[in-house]
Every structure is written in C-alpha cells, then in structure tokens.
Amino acid sequence: MILLLVIMIFVSASAQNFSSEVEKYLNQKLNGYDKIEFSIINDLKHNNYAVDFSRELKINGNIAYLPVRVFDRNKWNNSILTLQLNLYKLVPVATREIKRKEKIDEKSFILQSVNVSSLKSRIIDLSVVQKSLRAKTLIRQGEIITQELVEEVPAIESGSKVIAECIKGSVVISTEAIARQDGRMNEVIDVLTSSNELLKAKVINSQKVLIE
C-alpha cells in the first residue's frame, strides 16, 4: 500500500514537472499572447517525457505538435505530442454595429483578451487602431475587428468637393470639382468639374487634386 502511494506521488510529480516544461516551451516559442492554455490530446503511455527545446513547434490552427524526447526501452527517442491550444490576445472588439465606410473611433470598440487560436483572419496591430480607419464591410457588434474588415480613411472621399488644378507651364488654372471616387495620397481618381467634364486627377491632399 505504501509502495503504491509512493508510485502515485512520483507519477503525479513527474506529470507536473512535464506540464511546467511544456508551459515554459510554449511561452518561449509563442510571443505576444496574454495567456496560453493547453491540453495534451495523446494518451500518455509513458511518464518519462521531456520537451525537446532544440526542435521547433508546429502549429495548425488551434492544434500544436510538440517535439519531445521519450525514454523507452533504455534509450531516448524523438517523438511528437499533439496539443490543443487556447491562445489569448488583446484585440479590438466592436461595441456596436459599424456600417460599411463608417469611421471607427475610440467609442466603436473595446480591447478584450480573446481566444484567437482558431481565428483565420489577420489580427490588427493595436497601434493601427489609433489611426484613421473605417469599416471595409459591415462589422457586427461583438465581432473582432481584424485587418480584413478595415481600411484607411482616404484623403478624399467620393462625393467630396475639391479644388482641381491644371498646370500649363507657369500658369495654374483652378476649378471646383466633385470627386467621383475615393482617393488616397498620390492616387489617380475621377473628378467631375464644374463644366461637367469627367477628368483624371492625382490626389494632392484632402482638398486638392492635380489634373493629369
């Protein structure tokens, strides 16, 4: 009975030590997460596993393949254990429905630590959220705001009034026009002049375009 108790304590201690090794390895290999949770999918037939820190971790979605060494039949062998991961990261989450082309301000989202291990879209850089962004498509309340859902607010938006300039030698001719397309700096867009001409013009700033 005493021997059985000693064996159980040893097995439990070995399992705890191995779990600590796995946690240390994951923290080394997976940077930028608030919290990492894992569970081992394999049925562990041996208690004498050791994480192989010299080999790389492979990840597919929320499944990770952990390189290990296992002592069996008086020798160490390479092996792989399959882990299920929960990876938590601080991400912007929409606090309300954000319509297409609507600007995203600080009241549009909150930062939450969310399990992103199964997220297929690219996680947006939090520093980018502070820039002038708008929704590329409808963003629902509670949805993680990913890179694919947003775009930079253009310097000129379709329908905006602009000053269209045309340079001929040393002469600059200016006229009012309406932007017919969104345009970022140095992009060429269609503008409709006050004389009802549809022309191509390069975006100079938020109020001016240069007719090409």
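Some observations on this one:
Here's the yes/no breakdown for (1) surrounded by 17 or more Cβ atoms within 10 Å (Cβ to Cβ); (2) of a type in the set (Phe, Trp, Tyr):
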site	(1), (2)
Tyr65	no, yes
Val70	yes, no
Val91	yes, no
Lys99	no, no
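- Among residues of the stretch 105-131, those that are part of a strand (DSSP E or B) and either loosely packed, with under 12 Cβ neighbours inside 10 Å or at pLDDT 90 or above (or both), counted: 7
- As a summary of the residue check, Ile178 satisfies the conditions (1) assigned by TED's automatic domain parsing to the domain that holds Leu199; (2) in contact with a Phe, Trp or Tyr (Cβ under 8 Å, 6 or more places away or on another chain) except for the one numbered (2).
- Filtering the stretch 43-81 to residues that are over 19 Å from Ser19 (Cβ atoms), modelled with pLDDT of 90 or more and among the acidic types (Asp, Glu) leaves only Glu56.
- Taking the criterion of being within 18 Å of Thr95 (Cα to Cα) and small (Gly, Ala, Ser), the residues of the stretch 107-131 that qualify are Ser108, Ser113.
- Residue match in the stretch 44-59 (condition: touching a residue at least 12 places away in the same chain (Cβ under 8 Å) and within 30 Å of Asp182 (Cα to Cα)): no
- Extreme residue, farthest from the chain's Cα centre (by Cα), among residues of the stretch 25-35 that are surrounded by fewer than 17 Cβ atoms within 10 Å (Cβ to Cβ) and either in contact (Cβ under 8 Å) with a residue 12 or more places away in the chain or more than 16 Å from Lys58 (Cα to Cα) (or both): Gln28
The values are calculated or read from the model by the stated rules, or taken from the named source; none is laboratory data. Keep in mind it's a predicted model, so treat the numbers as computed, not measured. So basically every Cβ, Gly included, is an ideal-geometry build from the backbone, and we count neighbours across all protein chains shown.
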